[in-house]
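Undergrad: This is the structure I want to talk about, given as structure tokens.
The values are calculated or read from the model by the stated rules, or taken from the named source; none is laboratory data. Please read these numbers as outputs of a predicted model, since none were measured by experiment. Note that we place each Cβ from the backbone using ideal geometry, even for glycine, and neighbour counts take in every protein chain shown. The accessibility values were calculated without ligands, DNA or RNA, using every heavy atom of the protein model including side chains. Shrake-Rupley method; radii C 1.70, N 1.55, O 1.52, S 1.80 Å.
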Amino acid sequence: MEIVTRNLSRPKNSIKKLNSVPSNKVNILMVDDRPENLLALEAALMSPSYHLVRASSGKEALKYMLQQDFAVILLDVQMPGLNGFETAKLIKAREKTKHIPIIFITAISQDMEHVLQGYEAGAVDYIFKPFQPETLKRKIEQFVKIHLNHKESMIQTVQEQTEELNEMLDRATFHLRQSEALSKAIGETILDTIITFDDQGLILSANPAVNSMFGYNQRELIGRHVCLLFLKEKEGNSEESVLYSLTAIKQSIGKVIESVAYRKDNSSFHADLLIGGTKIENHEVFVCSIRDVTERKEMEEVKKAQFNQMEKMVDTRTLELTKANVELQKEIVERKRIAAHLYRSQERFRKIFEASPCLMAICSREDSTIIDINSSWLSFTGYQSYELMNKKINAEKFIDELTGKPVHLGQKILNKKIHYKTKEGEIREGLLSTEIIDIASEPCTLIVLTDVTERVHLEKQIARLDRLNLIGEMAAGIAHEIRNPMTTVQGFLQIARTDNELLSSEIIDVMLEELSRANSIISEFLNLAKNKISMKKRQNLNSILGALSPLIQAEALRSRKYVKLELHECPDILLDEKEIRQLILNVALNGLDAMMPNGKLTIKSYTEKEKVILEIRDEGKGIHPDILEKIGTPFFTTKEKGTGLGLAICYSVAKRHQAEIDIKTGNKGTIFSIRFQTNPNNG
């Protein structure tokens with residue numbers, strides 16, 4: 001135990017000796033094939049704190065690197081044999097010397113290509129001859145300071161870790177001594193189990209400690225086999241295992257052996273066995289001392305784990321310190337790379353900014369002054385750069401098309417339609433977008449304006465042509481539809497003029513019917529008018545459907561068809577009852593006409609995503625795709641006597657109610673869905 005204590009205390013003595021050694025001079029290696037250059041370097045760096053080492057070649061420099069540790073290396077580029085770049089690469093390839101800073105000194109290799117090659121070889125600086133001695137001296141002083149600080153940090157770290165390790169080992173030694181003292185006390189008070197057995201392994205006697213250790217009383221063990229204490233209950237039934245265990249015990253006389261002992265309840269524990277043997281009246285008798293060492297085993301495992309953990313901590317810290325030096329070099333290179341990347345990014349942004357066809361400006365969010373504008377902004381607005389730069393942007397010149405009010409440029413905007421005014425007072429149209437950005441840590445607003453004046457003008461011209469075309473088609477349709485009844489009336493009147501007899505009542509009825517039909521066509525055409533005034537009031541769609549239900553049911557029964565109502569609870573919405581009745585009747589009667597006898601028409605109402613839905617489903621053959629494209633076009637009809645205005649009126653009514661009409665069709669029928677908003681914009 002004393003030997004262990006001495007070994008554990010050695011690290012403390014070693015640290016004291018290390019601290020008592022005076023600090024040596026800092027080694028600086030100068031490598032140059034010309035003696036006069038070495039002499040000049042020595043004259044510039046002469047100091048009582050430095051130990052200047054000369055080397056006339058790369059090979060000689062590498063030899064010195066194996067013998068001494070250097071704070072910094074001054075390396076000439078042009079040398080016979082190994083040149084400076086090759087020597088630097090060999091130094092950086094060696095684990096022990098790769099952290100030493102290298103300064104290249106040259107008089108001829110001043111091209112940028114050679115400078116970059118020097119940095120790639122591992123240099124931290126590149127000095128051209130002739131150099132300023134004072135500048136060189138100051139640079140060397142900084143590298144020496146870094147070397148001394150690094151060395152001092154390494155020594156302090158190792159010292160702290162060693163002291164911490166010594167403290168933990170002292171605590172472990174104390175616990176170990178305490179454990180041994182406890183074991184000795186147990187031995188002196190005969191707490192170990194001592195049993196005797198004969199040559200056959202039958203137990204002859206046992207001390208009282210067997211009761212507390214194994215759970216047996218002394219009498220239970222007398223005459224039983226000693227392997228009962230060292231074999232599991234199932235294993236004890238095997239003669240081979242019993243014979244093998246007894247033989248192993250006998251062969252261990254005079255030795256302490258480790259074993260696993262089993263209590264009466266078949267639980268196990270670690271035990272040390274000490275076997276002794278003697279002869280009594282020519283009979284071999286064996287004495288076995290059994291000591292429970294479970295606690296010692298556990299402590300050994302704990303100490304082993306602690307020691308492994310401490311070793312791992314020391315290795316980890318050493319690796320971290322080594323990596324720190326490498327990361328320092330990487331950080332220098334990375335900062336240069338980032339600077340170059342930022343320069344390229346700025347150049348790309350400038351080219352994009354200037355070449356963009358959109359009007360672009362950057363404004364400060366603090367005071368709304370214009371920081372930068374592109375050429376497109378100046379071209380469209382007519383201003384000169386000096387008239388706008390570093391002046392507040394005039395938000396009054398950007399008017400929202402919907403509200404007619406100036407746009408708030410301080411918030412994020414995406415493609416807002418606006419009017420803006422040029423320097424000459426011209427009103428142009430555009431799509432305005434803004435984005436919040438940071439430039440050099442200053443919050444700014446990027447304003448992007450796409451001028452759409454020409455496109456809007458073109459769209460208006462196209463819309464005007466479309467309206468003129470539609471008016472022409474409608475006029476032709478009206479003329480065609482009204483000409484037929486007028487022709488009939490005209491014919492009968494001509495007959496009446498040549499015939500003196502009175503007109504019969506049947507002819508008069510036909511004339512009245514044709515005039516009524518012409519009036520109906522004109523009335524339905526007027527319902528398409530956009531400026532038709534709707535008398536809306538808040539009411540429930542289900543009440544209108546309930547009132548129309550008998551009329552639709554009667555029409556269905558006439559053609560042996562059926563109508564099913566599925567009315568769910570809906571909120572009140574703004575409706576013109578007369579127009580909605582006409583819409584429902586037009587769609588429902590179209591659905592009835594599309595079905596064969598025994599077909600079922602389903603009228604359903606429900607609420608979905610804050611919208612009231614009216615759904616009318618028929619069981620017809622569906623609508624052909626060619627016809628589906630023309631549905632809603634005025635005067636288009638597939639019926640022989642239809643006017644082609646029914647669905648056109650439905651679309652007009654839906655538009656005045658800000659509702660949407662969706663059509664789903666197939667070979668099993670067609671579904672008309674009219675979606676009313678619960679809170680329309682004009683509500």
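Undergrad: Given charges of +1 on the Cβ of Lys and Arg and -1 on the Cβ of Asp and Glu, with all other atoms neutral, how large is the dipole of the range 299-380 about its Cα centre, in debye to the nearest 20?
TA: Dipole magnitude for the range 299-380 comes out near 280 debye.
Undergrad: Here's something else I'd like to know. Would you kindly find the accessible area of CYS358, with a 1.4 Å probe and non-protein molecules such as ligands, DNA and RNA excluded, rounding to the nearest 10 Å²?
TA: 30 Å²
Undergrad: Report the one residue of ASN415, THR403, MET389 whose Cα lies farthest in the direction of the positive end of the charge dipole of the range 327-427 (charges on C-beta: Lys and Arg +1, Asp and Glu -1; origin at the Cα centre).
TA: My answer, from the dipole projection, is ASN415.
Undergrad: Then there is this: Once both labels are modelled 7 Å past Cα along the beta-carbon direction, what's the GLN329-TYR343 spacing in nm?
TA: Here the modelled spin labels are 2.4 nm apart.
Undergrad: Report the local net charge at PHE286: Lys and Arg +1, Asp and Glu -1, summed over other residues whose C-beta lies under 10 Å from its C-beta.
TA: -2
Undergrad: Note down the nm distance, to one decimal, between modelled labels 7 Å out along Cα→Cβ at GLN156 and at GLN384.
TA: Those two pseudo-labels are separated by 6.5 nm.
Undergrad: Continuing with the same structure: Dipole of the range 256-384 (Lys/Arg Cβ +1, Asp/Glu Cβ -1, origin at the Cα centre): which of SER268, LEU378, ASN325 lies farthest to the positive side?
TA: The residue sitting farthest along the positive end of the dipole is LEU378.
Undergrad: Please work out the C-alpha center-to-center distance from the range 78-150 to the range 197-229 and express it in whole Å.
TA: Going from one Cα centre to the other spans 82 Å.
Undergrad: Please get the size of the charge dipole for the range 210-261, origin at its Cα centre, with Cβ charges of +1 on Lys and Arg and -1 on Asp and Glu, quoted in debye to the nearest 20.
TA: Dipole size: approximately 160 debye.
Undergrad: Are there any trypsin sites (Lys or Arg not before Pro) in the range 192-253 that are in a DSSP loop and have at most 13 other Cβ atoms within 10 Å? List them by number.
TA: In loop regions of the range 192-253 (DSSP not H, G, I, E or B), the sparsely surrounded trypsin sites (Lys or Arg not before Pro) are LYS232, LYS234.
Undergrad: Near ASP400, within a Cβ-to-Cβ distance under 13 Å, what is the net charge of the other residues, with Lys and Arg +1 and Asp and Glu -1?
TA: +1
Undergrad: Taking R0 as 51 Å, what FRET efficiency do you get between GLU42 and SER433 from their Cβ-Cβ distance, rounded to the nearest 0.05?
TA: That pair, GLU42 with SER433, gives E of 0.15.
Undergrad: Stretch LYS416-THR135 to full length: gain in nm at 0.36 nm per residue minus the Cα-Cα span?
TA: Value of the extension gain: 95.0 nm.
Undergrad: Still on this structure: In the range 373-417, which chymotrypsin sites (Phe, Trp or Tyr not before Pro) fall in coil by DSSP and have 16 or fewer other Cβ atoms within 10 Å?
TA: Within the range 373-417, the qualifying chymotrypsin sites (Phe, Trp or Tyr not before Pro) (loop, at most 16 other Cβ atoms within 10 Å) are TYR383.
Undergrad: A further question on this structure: Can you give the relative contact order of the range 410-460 as a percent, counting alpha carbon pairs under 8 Å and 6+ residues apart?
TA: Value for the range 410-460: 31 percent.
Undergrad: Calculated FRET efficiency, ILE462 and ILE627, Cβ-Cβ r, R0 25 Å, to nearest 0.05?
TA: 0.40
Undergrad: Next question. Using Cα pairs closer than 8 Å and at least 6 residues apart in sequence, work out the relative contact order for the range 227-332, in percent.
TA: Averaging sequence separation for qualifying contacts and normalising by length gives 17 percent for the range 227-332.
Undergrad: While we're looking at this one, here's another question. Please compute the length gained on full extension between GLU120 and ASN217, using 0.36 nm multiplied by the number of residues separating them and subtracting their Cα-Cα distance.
TA: Taking GLU120 through ASN217 to full extension adds about 26.6 nm, to one decimal.
Undergrad: Pop the C-beta distance of LEU557 and GLN677 into the FRET formula with R0 = 35 Å and round what comes out to the nearest 0.05.
TA: With a Förster radius of 35 Å, E is 0.50.
Undergrad: Only four residue types carry charge here, +1 at the Cβ of Lys and Arg and -1 at the Cβ of Asp and Glu. Report the dipole size of the range 352-464 about the Cα centre in Debye, rounded to the nearest 20.
TA: 420 debye
Undergrad: Around THR157, with a cut-off of 12 angstrom between Cβ atoms, what is the net charge of the other residues, counting Lys and Arg +1 and Asp and Glu -1?
TA: Combined, the nearby Lys, Arg, Asp and Glu give -3.
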